[in-house]
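The values are calculated or read from the model by the stated rules, or taken from the named source; none is laboratory data. Worth saying up front: this structure is predicted, and the values here are computed from it rather than measured. Cβ sites come from the backbone with ideal geometry, for glycine too, and all protein chains shown count toward neighbours.
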Amino acid sequence: MNIVVAIKHIPSIADDLPVKGNNVDFDSVDFVLNEFDEQSIEQAVLVKEAVGGTVTVVGVDMIGELDAVLHLALAKGADKAVKITGDDPAADSHQQAKWLAEAIKGMSADMVFAGVQASNDLDGQIGPMIAAHLDMPYIGGVSSVEVSDHTATVNKEFAGGIGGKYSVSLPMVVGVQAASKPPRYAPISKVRQVAQTATIEKVSPSGDATSGLAFKKMAPPVVTGHAEMIEGSSKDVAKKIVELLKSKGLA
Amino acid sequence: MAPKFEKVKVVEKEHAVVDGVDISGHWNRMFEQRVITEYTPELIEKVADIPGGESFANCYQCAKCIAVCPVDIVGNYGPRKLYRYAQTGMDLTEAPELWLCTTCKNCLRVCPKEVDMIQIMPAVREQAILAGKFVPAELQQAFENTAKSGNPLGQPQRKRDAWIKDAGVEVPIIKDLARPVDVLWYVGSYPSYHPRGIDAASAAARIFSALGIDFAILGKEEKDDADSQRLAGEKGLFEMMTEYNIETFNKYEWKELMVTGPHELNAFKNVYPKYGFERPVVHYTTFLARYLDQLKPLLKHRVEKKITYHDPCYLGRHNGEYEAPRKLLEAIPGVELVEMQRNRENGYCCGGGGGGMWMDSFTAKHTTMRLSEKRAMEAASTGADVLAVACPFEVSRFADAVKSTGNEHVDVLDILELLDKSIRGEQ
């Protein structure tokens, strides 16, 4: 099994997100691994552990700090790491999908994993676009993957708690919502060991993509309302809550 | 020439002379070597072969440690027992016992063979973690939080200094101050984020301000010391944080580094020198004890309380400070200081050290009660109204423990909060 995981390095939203011009002020934010990609890496490693093979993690180096993320992926069980030297923190999901697809083309992948979405674009398009570029089938919203005899059985989550089970002939692209187990913790001792010995393959970005989104304006949301804190004894508070619910026609 | 005896034969004679020595009447004496061939040394060697684990093999089963081990007092544990378990088949790298030690150091204090659990436990834990063996999930979460957010609570870095706006006094950030200060105050993660920790941090700020101390904090640049994570086996995480912290400390000019927490004291004073950082580090109790003459006139309001003080393991046994906290408490007018049975060098551990802070649920499964509960009961038995502490791990631990043991009448307060009460009066 040749498994490839396409990851995204995105601005952290744990801190304030400063805006500069029509985009995020990329110089003032930390970049982190997309949360769904953590799930995606875990699912890929679980499949490898079940059926054997290799896991290659590939991502676009947006700000020259992707190595740390790739070392973490290697410490968690990935075998190879590749970075596409994009060096453009503003590259959107369309552009990244094209670069990633071009890099993955030569890897003869049986399965490509991608996080189902990321908190920057929120368009959930990386996976489907890579699939389109590579001419592979795509299933997103996946919460577990099993592989046997070159066929993958995946569970896809739908709204309302409904799940669907699909059998897919490989190769395919999977958009991971959640791995079948919580992502493992990679001890920093191990990550640091890996960082000293691992080699990361560098690939130049290739291929252009028309941008899916054109930014007209970006600004922090304007605060229009606020929460009302009800003071007083628990009886008074309960009374006021009942009045409020009645006044809004909810009770 | 040594006497020879036949194997597997107990010699008990009415009248016996061996090498000219009359040993008649010693009916219980056995002249044969104790058969210990059913015990294998492999699992002891497995621990002793790990760098740092060597002294495990020193144990000669005297059991002095068992009398003082805080975990044995609420369970069935202790260095001697671990050695015995290893002899009879327990692989410490895979056993739950690996995660129960709080590195409180009371065993090492009494051990005639210097079996050093403070070295052994982190070393064996690191091997277990690296080999992907069992690690309590709640501990992994604390590791992950520290690696990702810079603190074990998983709180955002940008909120690290959010507490200062409600402190009631100005708390300068060294970056904004842009000048050298006398004291760089390392606040710590729990005083920065935990609601009860913030109470202590705010009290500290008001005390320093009242004393006119020239201090500043690192604000959003401050990150966890990760010493307890190191003792819990994540040395790599500790080193990552250490590199960051040393670089940050060295960015600014200051004369002394003051810490709110004993674990930070241990890290910066005893471990950081190995990483090239050798600067004066002081715990707030030691620091404030120097200012007793200036502090006493400020302590205007009487605090009519019977107070017992809990010695933090990492302030007392690990760093030898027993008197400064007591001097500060005794300086407060109205305070009657009473001692718990286990105090100073023999102080009982709260269970928070060595990563125990993040393994409460796990530890609870292997003990009859939490260590903090045992200690809260001991505090209550003195008749004290207040359990005074000097470690940011302890306020939340003991506040829970007094409740769960039915001792709500005992207030758990940091010494900083008590001093602040005396300066400002009940608020």
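The figures follow:
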item: Where B:ARG160 falls short, out of the listed (1) over 30 Å from B:ARG424 (Cβ atoms); (2) surrounded by 17 or more Cβ atoms within 10 Å (Cβ to Cβ); (3) over 19 Å from the mean Cα position of the chain (by Cα); result: (1)
item: Any pair with Cβ under 6 angstrom, 6 or more apart, that starts in the stretch A:2-22 at a residue that is without any contact (Cβ under 8 Å) to a residue 12 or more places away in the chain and ends at one that is surrounded by fewer than 15 Cβ atoms within 10 Å (Cβ to Cβ) and polar (S, T, N, Q); result: A:PRO18/A:SER28
item: Residue satisfying condition, being modelled with pLDDT of 95 or more, surrounded by 18 or more Cβ atoms within 10 Å (Cβ to Cβ) and within 23 Å of B:TRP358 (Cα to Cα), within set B:VAL47, B:VAL68; result: B:VAL68
item: Among the candidates A:ASP15, A:ASP30, A:ASP88, residue that is farther than 25 Å from A:ALA152 by Cβ, away from every other protein chain (no Cβ under 14 Å) and surrounded by fewer than 19 Cβ atoms within 10 Å (Cβ to Cβ); result: A:ASP88
item: Selection count, the stretch B:348-379, where residues are crowded, with 21+ Cβ neighbours inside 10 Å and part of a helix (DSSP H, G or I); result: 14
item: Any chance A:ALA152 is at pLDDT below 95 and aliphatic (A, V, I, L, M); result: no
item: Odd one out for B:GLU323, checked against (1) farther than 26 Å from B:THR102 by Cβ; (2) assigned by TED's automatic domain parsing to the domain that holds B:GLY353; result: (1)
item: Tally of residues being within 14 Å of chain A (Cβ to nearest Cβ) and assigned to a helix (DSSP H, G or I) across the stretch B:147-181; result: 7
item: Residues within the stretch A:205-230 that are surrounded by 10 or more Cβ atoms within 10 Å (Cβ to Cβ) and either among the charged types (D, E, K, R) or in contact with a Phe, Trp or Tyr (Cβ under 9 Å, 6 or more places away or on another chain) (or both), tallied; result: 5
item: Filter pass, B:PRO96 being surrounded by 23 or more Cβ atoms within 10 Å (Cβ to Cβ) and of a type outside the set (A, V, I, L, M, F, W, C); result: no
item: Test for B:GLY89: is it modelled with pLDDT under 95, within 14 Å of chain A (Cβ to nearest Cβ) and more than 17 Å from B:GLN229 (Cβ to Cβ); result: no
item: Residue check for B:TYR244: in contact with a strand residue (DSSP E or B) (Cβ under 9 Å, 6 or more places away or on another chain) and either surrounded by fewer than 21 Cβ atoms within 10 Å (Cβ to Cβ) or assigned by TED's automatic domain parsing to the domain that holds B:ALA200 (or both); result: no
item: Residue, surrounded by the fewest Cβ atoms within 10 Å (Cβ to Cβ), within the stretch B:99-134, restricted to residues that are among the small types (Gly, Ala, Ser) and in contact (Cβ under 8 Å) with a residue 12 or more places away in the chain; result: B:ALA131
item: Where A:LYS202 falls short, out of the listed (1) touching a strand residue (DSSP E or B) at 6+ places or on another chain (Cβ under 7 Å); (2) over 30 Å from A:MET107 (Cα atoms); (3) not in a loop (DSSP other than H, G, I, E, B); result: (2)
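Results for (1) surrounded by fewer than 17 Cβ atoms within 10 Å (Cβ to Cβ); (2) in contact (Cβ under 8 Å) with a residue 24 or more places away in the chain; (3) at negative phi; (4) touching a Pro at 6+ places or on another chain (Cβ under 9 Å), shown as yes or no for each residue.
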residue: A:GLY115; (1), (2), (3), (4): no, yes, yes, no
residue: A:ALA131; (1), (2), (3), (4): no, yes, yes, yes
residue: A:GLU146; (1), (2), (3), (4): yes, yes, yes, no
residue: A:ASP149; (1), (2), (3), (4): yes, no, no, no
residue: A:GLY163; (1), (2), (3), (4): yes, no, yes, no
residue: A:MET172; (1), (2), (3), (4): no, yes, yes, yes
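Okay, residues lined up against (1) closer than 23 Å to A:HIS94 by Cβ; (2) among the hydroxyl-bearing types (Ser, Thr, Tyr); (3) exposed (fewer than 15 other Cβ atoms within 10 Å of the Cβ); (4) within 14 Å of another protein chain (Cβ to nearest Cβ):
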residue	(1), (2), (3), (4)
A:ILE3	no, no, no, no
A:ILE7	yes, no, no, no
A:PRO11	yes, no, no, yes
A:GLY21	yes, no, yes, no
A:LYS48	no, no, no, no
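To keep it simple, each residue is scored yes or no on (1) buried (at least 20 other Cβ atoms within 10 Å of the Cβ); (2) more than 28 Å from A:ILE13 (Cβ to Cβ); (3) not small (Gly, Ala, Ser).
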site	(1), (2), (3)
B:PRO136	yes, yes, yes
B:ILE164	yes, no, yes
B:SER192	yes, no, no
B:PRO195	no, no, yes
B:SER202	yes, yes, no
B:ILE207	yes, yes, yes
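Condition check ((1) touching a His at 6+ places or on another chain (Cβ under 7 Å); (2) farther than 30 Å from A:TYR138 by Cα; (3) of a type in the set (A, V, I, L, M, F, W, C); (4) more than 14 Å from chain B (Cβ to nearest Cβ)) across all residues:
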position	(1), (2), (3), (4)
A:VAL176	no, no, yes, yes
A:GLU201	no, no, no, yes
A:SER206	no, no, no, yes
A:MET218	no, yes, yes, yes
A:PRO221	no, yes, no, yes
A:ALA227	no, yes, yes, yes
A:ASP236	no, yes, no, yes
A:VAL242	no, yes, yes, yes
